[in-house]
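Below is one structure; the comments refer to it alone.
The values are calculated or read from the model by the stated rules, or taken from the named source; none is laboratory data. This one's a predicted model, so the numbers in the text were calculated from it and none came from an experiment. Backbone-built Cβ (ideal geometry, glycine too); neighbour counts: all protein chains shown. SASA here: full protein model, heavy atoms, side chains in, ligands and nucleic acids out. Shrake-Rupley method; radii C 1.70, N 1.55, O 1.52, S 1.80 Å.
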Amino acid sequence: MSIIHWFRRDLRLIDNTALNHAIAASGGDVIPVFILDEQLLRGKDVAPARVQFMLDCLRDLDKSLRDRGSRLIVRRGDPVRELVAIAKASRATELCFNRDYTPLARARDARAIAALQAEGIVVNTFKDAVIHEPDELHTGNGAPYTVFTPYKNKWLALPKPPAQMSKIDMLRAPQANVATQAIPTAAELGFNVTQQIQKGGESIAQVQFNAVLTEGRIDRYQEQRNFLAVNGTSRLSPHLRFGTLSPRTCYYTALAARVEKVGRQSATNSVNGTDVWISELIWREFYVQVLYHFPHADKHSFKQNYDAMQWGSGNAAQDQELFAAWCEGKTGYPIVDAAMRQLNQTGWMHNRGRMIVASFLTKDLLLDWRWGERYFMQKLVDGDPASNNGGWQWAASTGTDAQPYFRVFNPSLQAERFDPKGVYIRKWLSELARVPDEYIHNLAVMPPLMQLQLNCVLGQNYPYPIVDHNTQKEIMMARFKAIN
Ligand SMILES: Cc1cc2nc3c(=O)[nH]c(=O)nc-3n(C[C@H](O)[C@H](O)[C@H](O)COP(=O)(O)OP(=O)(O)OC[C@H]3O[C@@H](n4cnc5c(N)ncnc54)[C@H](O)[C@@H]3O)c2cc1C
């Protein structure tokens, strides 16, 4: 009795709920399938970086399966059509997969379930991508949460599903007549990957997570997480995005590390580090449930009155110019430009950087948050519809539990606070690499002769600020006030 396991955002063997079910229920007669979905590959939000990371993950997964006597069945096309074809060829009796919560995924999965059931195949789906699903948490009135702190308190209070860390032994190889194809390269799929992105795969995720723990990054998370030049966060977001690491593994391992620590010494900051890091995992799930319960937020402001917000200057050409400068990291605000170049070059950006550039796009350039949201999706290796939408709407003040519109990031003060020595700025802006400390946060007062000597002439090698922060802030506040 073969069972098809459809891999999607769970590209791992360890602690994989649906896969464990498939192995147990079939006695190891599992057909592991991944389908390269043409619709997603040709979509407007596709990122070459993400495609490359995903293909790395598939190669790693295929190797792990081959080590166990099996292999990954890879197909390309419409997932529903391919699943039906695989089920017919293999005479599988069951399809199982882990649930995905985005509007697009839910529509696709509903089609898949209907098509397979029509063929007489049992379909089983599982909770796996999150520790608590959107429908598990409700306010006292039975409504979904729209404010993070009560959501988090409820999340923490609920009993948690166990991690399933048991090792997977040998598996039966899929039948020879179940056709597969070689895992393509990004170039073979027509993508030109220009960014230097981190490598994907479950094996790497394990190594990376171990390094995060042994280097004490979670212990020191609370103190270090906001400093842009410090490797103070986990950088596991692409792994959580593609499921090369399970959120349960993250949660339980971080808690176990804390218990071990507290056993050795009395409660210290390290306890808070773990708590704050787990809070970030909860933010991830908070945004999953926001998009699930409020799908309008995908295209519209979560707070629907803000759909009336006037974005832009009224001059389309000028707005396009400002947007291009933001995308390229040429706004004349070094902290914004450094963060955008980090994104453009690596496919990842520090969370503090994301908050700063998102605030700058919406509150300083007065451009629609959806422009930035799309650009991020096209560049981020961890690009995720729920977290990205949540992050953008938070910064634009249009979202649930968002930054209030009158609290505006001043990019210069953010730079002084979170990159005090300008290490991050110099790393990503080669044209400012030689600027002395005393001018790095105040380029305007750098003497002209020094600008010349350092090959950093303002307006020539590096732009003057493209807008004035205080002027733009006034305009933005007036527009928000007019709606409130
Ligand atoms: C405008 C904007 C857009 C964003 N877009 C994305 C996105 O597309 N994909 C994405 O995964 N995150 C997004 N984030 C959230 C956050 O910036 C990244 O998750 C984080 O920077 C990833 O780095 P890390 O793995 O080192 O995180 P850590 O600080 O180590 O946190 C651990 C994990 O918690 C989750 N997490 C952390 N912060 C957040 C948050 N604010 N919201 C949701 N989940 C969080 C991530 O899965 C992360 O890997 C966005 C934030 C903003 C402000």
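So which GluC sites (Glu not before Pro) in segment 105-207 are both in a DSSP loop and have at most 10 other Cβ atoms within 10 Å of their Cβ?
Those satisfying the criteria are Glu188.
Under a 1.4 Å probe, what is the accessible area of segment 181-259 per residue, stated in Å²? Before the final figure, lay out the partial values.
Working: 3390 Å² over 79 residues.
Result: 43 Å² per residue.
For a protection proxy built on the mean count of beta-carbon atoms within 10 angstrom, sort 378-386, 81-89 highest first, please.
Highest-to-lowest ranking by the protection proxy: 378-386, 81-89.
Kirkwood Rh, the chain, all Cα pairs: how many Å?
Numbers: mean 1/r = 0.0413 Å⁻¹.
Evaluated over the chain, this radius sits at 24.2 Å.
Heavy-atom accessible area per residue, segment 3-129, 1.4 Å probe: how many Å²? Show your work: numbers first, answer last.
On the way: 4500 Å² over 127 residues.
Each residue of segment 3-129 exposes 35 Å² on average to a 1.4 Å probe.
At what distance in angstrom do the alpha carbon centres of segment 228-243 and segment 446-484 lie from each other?
Between the Cα centre of segment 228-243 and that of segment 446-484, the gap is 31 Å.
Leaving out ligands, DNA and RNA, and with a 1.4 Å probe, what % of the accessible surface on segment 297-402 is carbon or sulfur? List each step's numbers first, then the result.
On the way: 1620 of 3220 Å².
Within segment 297-402, the accessible surface is 50 percent carbon and sulfur.
For segment 1-147, give the percent of accessible area contributed by carbon and sulfur heavy atoms, probe 1.4 Å, rounded to a whole number.
Numbers: 2830 of 5430 Å².
Here it works out to 52 percent.
Viscosity 0.692 mPa s, temperature 37 °C: Stokes-Einstein D of segment 347-420 from its Kirkwood Cα radius, in µm² per second? Don't jump to the answer; show the numbers that get you there.
Working: Rh = 12.4 Å.
This corresponds to a translational diffusion coefficient of 265 µm²/s.
How tilted is helix 17-26 with respect to the longest principal axis of the chain? Cα atoms for both, answer in degrees (0 to 90, nearest 10).
Taking the Cα atoms of the chain, the angle to 17-26 is about 10 degrees.
Say a paramagnetic label sat at a point 7 Å from the Cα of Glu280, along Cα to Cβ; which residues of segment 195-222 have their backbone N under 17 Å from it?
What the label zone holds, given the 17 Å backbone N cut-off, is 198, 205-222.
Counting each DSSP H run of 4 or more residues in the chain as -39500 (n - 2.57), what helix-only mean residue ellipticity at 222 nm follows after dividing by all residues, to the nearest 500 deg cm²/dmol?
Helices in the chain give a 222 nm mean residue ellipticity of -15000 deg cm²/dmol.
List the lysines whose alpha-carbon lies under 18 Å from that of Lys199, not counting same-chain residues fewer than 8 positions away?
Excluding near neighbours in sequence, the set is Lys63, Lys379.
Looking at the chain, what % of its DSSP beta bridges pair antiparallel, to the nearest 5? List each step's numbers first, then the result.
Working: 0 of 18 bridges.
Within the chain, antiparallel bridges account for around 0 percent of the total.
Dipole of the chain, Cα-centred, from +1 at each Lys and Arg C-beta and -1 at each Asp and Glu C-beta, to the nearest 20 debye? Before the final figure, lay out the partial values.
Details: 56 positive and 49 negative charges, 100 e Å.
Charge dipole of the chain: 480 debye, to the nearest 20.
Give the share of C-alpha pairs in each 5 angstrom bin for segment 304-483, from 0 to the last occupied bin, in whole percents, shortest bins first.
1, 8, 18, 21, 20, 16, 9, 5, 2, 1, 0
If you wrap segment 3-129's Cα atoms in a convex hull and average its projection over all directions, what's the area in nm²?
That works out to 7.3 nm², a quarter of the Cα hull's surface.
Mind checking which lysines have their C-alpha under 27 Å from Lys154, skipping anything on the same chain fewer than 8 residues away?
By straight Cα distance, Lys154 reaches Lys127, Lys261, Lys303.
Could you order Met170, Met446 by accessible surface area, starting with the largest, using a probe radius of 1.4 Å?
Details: Met170 135, Met446 5 Å².
The most accessible residue leads, giving Met170, Met446.
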